[in-house]
1. Can you spot a residue in the stretch 118-139 that is at pLDDT below 65, open to solvent by 70 Å² or more (accessible area, probe 1.4 Å), part of a helix (DSSP H, G or I) and within 21 Å of Ala69 (Cβ to Cβ)?
2. Which condition number does Glu61 fail, the rest of (1) part of a helix (DSSP H, G or I); (2) at pLDDT 90 or above being met?
3. Restricting to the stretch 15-31, name every residue that is modelled with pLDDT under 90 and open to solvent by 90 Å² or more (accessible area, probe 1.4 Å).
4. Considering only residues that are open to solvent by less than 30 Å² (accessible area, probe 1.4 Å) and either among the aliphatic types (A, V, I, L, M) or in contact with a helix residue (DSSP H, G or I) (Cβ under 6 Å, 6 or more places away or on another chain) (or both), look in the stretch 96-117 and name the one that is modelled with the lowest pLDDT.
5. Going through the stretch 37-58 one residue at a time, which ones are under 16 Å from Gln26 (Cα atoms), assigned to a helix (DSSP H, G or I) and either open to solvent by less than 90 Å² (accessible area, probe 1.4 Å) or touching a helix residue (DSSP H, G or I) at 6+ places or on another chain (Cβ under 8 Å) (or both)?
Amino acid sequence: MKSEEVQSKIELKTLPSHLKYVYLEQELFLVIISSYLTIEQDNSLIKALKAHKGALGWTVEDIKGIGPAICTNRILMEDSYKPIVQPQRRLNPAMQEVVKKKIVKMLAAGYNQILIAPEDQDKTTFTCPHGTYAYRRMPFGLCNAPATF
């Protein structure tokens with residue numbers, strides 16, 4: 001489905017008073033901006049958004065991963081640092097089957113877009129009852145992840 005087709009099928013919801021809808025083209029490319037902007041700020045923002053609308057994700061298919069040439073996360077540690085080993089946490093037996101079926105999907109969630117340098121992936125190793133895993137892409141729970149995102 002093309003961006004234009006998706007845009008025409010969007011159901012507009014009521015926004016809080018500090019926000020408003022704006023189309024970048026006639027009935028296409030809907031964005032939400034602040035309603036507190038002056039007319040000059042409004043026009044300037046809309047002009048910038050129109051100029052760069054190709055960089056915005058209008059559908060899920062439009063959202064691409066970040067290329068490793070642009071951003072690869074490194075996990076820097078001092079030479080004297082010793083890894084911490086923690087025991088596995090117990091898991092309710094009923095949940096074990098759910099985790100067994102879904103562990104791969106949970107680790108490959110769409111928001112994990114920033115690659116971890118291959119030489120640093122072993123630093124993210126963890127175990128669960130069904131195997132040992134290491135992250136290839138940076139999860140939000142990793143130290144300093146919010147700053148990197």
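1. So in the stretch 118-139, the residues at pLDDT below 65 come out as none.
Checked against the condition, which is being at pLDDT below 65, open to solvent by 70 Å² or more (accessible area, probe 1.4 Å), part of a helix (DSSP H, G or I) and within 21 Å of Ala69 (Cβ to Cβ), the stretch 118-139 yields no hits at all.
2. Single failed check for Glu61: (2).
3. Within the stretch 15-31, Gln26, Glu27 qualify.
4. Let us first name the residues in the stretch 96-117 that are open to solvent by less than 30 Å² (accessible area, probe 1.4 Å), namely 99, 103, 109, 112, 114, 116-117.
Right, trim to either among the aliphatic types (A, V, I, L, M) or in contact with a helix residue (DSSP H, G or I) (Cβ under 6 Å, 6 or more places away or on another chain) (or both) and you get 99, 103, 109, 114, 116-117.
Values: Val99: 66, Ile103: 69, Ala109: 50, Ile114: 76, Ile116: 84, Ala117: 86.
That would be Ala109.
5. Going through the stretch 37-58, the residues under 16 Å from Gln26 (Cα atoms) turn out to be 43, 46-47, 49-51, 53, 58.
Retained after the next criterion (residues that are assigned to a helix (DSSP H, G or I)): 43, 46-47, 49-51, 53.
Matches in the stretch 37-58: Ile46, Leu49, Ala51, Lys53.
The values are calculated or read from the model by the stated rules, or taken from the named source; none is laboratory data. Please read all numbers here as calculations on a predicted model, not as lab measurements. All Cβ positions, glycine included, derive from the backbone under ideal geometry; neighbour counts span all protein chains shown. We work out accessible area using only protein heavy atoms, side chains counted, and drop any ligands, DNA or RNA first. Shrake-Rupley method; radii C 1.70, N 1.55, O 1.52, S 1.80 Å.
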